[in-house]
Each structure stands twice: as structure tokens, then as C-alpha cells.
1. In segment 22-44, which residues are of a type in the set (Val, Ile, Thr) and surrounded by 10 or more Cβ atoms within 10 Å (Cβ to Cβ)?
2. Could you tell me whether any residue of segment 36-45 is closer than 30 Å to THR4 by Cα and in contact (Cβ under 8 Å) with a residue 12 or more places away in the chain?
3. Which one is surrounded by the most Cβ atoms within 10 Å (Cβ to Cβ) among residues in segment 7-21 that are of a type outside the set (A, V, I, L, M, F, W, C) and part of a loop (DSSP other than H, G, I, E, B)?
4. Here is a list of conditions, (1) among the polar types (S, T, N, Q); (2) assigned to a loop (DSSP other than H, G, I, E, B); (3) surrounded by 10 or more Cβ atoms within 10 Å (Cβ to Cβ), and THR4 meets all of them except one; can you say which number that is?
5. Here's a check for you: in segment 45-59, which residue that is acidic (Asp, Glu) and either part of a loop (DSSP other than H, G, I, E, B) or modelled with pLDDT of 95 or more (or both) is surrounded by the fewest Cβ atoms within 10 Å (Cβ to Cβ)?
Amino acid sequence: MSDTQKITAHVPIDLLRRAKAATGAGTTETIRLGLDLLAASKAAREVRGLRGTVRLDLDLTDLRRDRR
């Protein structure tokens, strides 16, 4: 694992309880997953912001042929 930082956070008990139930994991893993999802959603927003600005010239037939 990469470097870590120990933190103290005040989190509503019900929110943490629901998040842990949703993940089926403990507190640390649930918080890590939540932070990963938050970072991923920001990246997805940035990619959506590029919509229509990036020109892709792909030949799907060639791509499918390459799979075989």
C-alpha cells in the first residue's frame, strides 16, 4: 500500500452505518471506497467536459478483427 495518513473525522453515525451496510466492509475500507468514488466522479465529470472536443477516428471492424 502507498503512504497513508491517519485522520480524525466527525461523521454522522447513521451515514457511516448505512455506508458500511452498503459496502459490507469495515470503517476504514468504507471510507477509502467513498473517497475513491468521489475522486472517480470528479474524473468522470472532467471527461464529460471534453465531450465533442476530442475527435476519434476508429474503425470498429479493424478493432473487432484484432480480437480474434
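The values are calculated or read from the model by the stated rules, or taken from the named source; none is laboratory data. Everything numeric in this text was worked out from a predicted model, so none of it was measured. Every residue, glycine as well, gets a Cβ built from its backbone with ideal geometry; the counts of neighbours run over all protein chains shown.
1. Taking segment 22-44 as the starting set, the residues that turn out to be of a type in the set (Val, Ile, Thr) are 23, 27-28, 30-31.
Selection gives THR23, THR27, THR30, ILE31.
2. Within segment 36-45, none of the residues are closer than 30 Å to THR4 by Cα and in contact (Cβ under 8 Å) with a residue 12 or more places away in the chain.
3. First, the residues of segment 7-21 that are of a type outside the set (A, V, I, L, M, F, W, C): 8, 10, 12, 14, 17-18, 20.
Now restrict to residues that are part of a loop (DSSP other than H, G, I, E, B): 8, 10, 12.
Working: THR8: 4, HIS10: 4, PRO12: 8.
Among those residues, the one meeting the criterion is PRO12.
4. So THR4 meets the others, but not (3).
5. Here is the first cut: in segment 45-59, the ones acidic (Asp, Glu) are 46, 57, 59.
When the remaining residues are screened for being either part of a loop (DSSP other than H, G, I, E, B) or modelled with pLDDT of 95 or more (or both), the result is 57, 59.
Values: ASP57: 4, ASP59: 8.
Per the stated criteria, the residue is ASP57.
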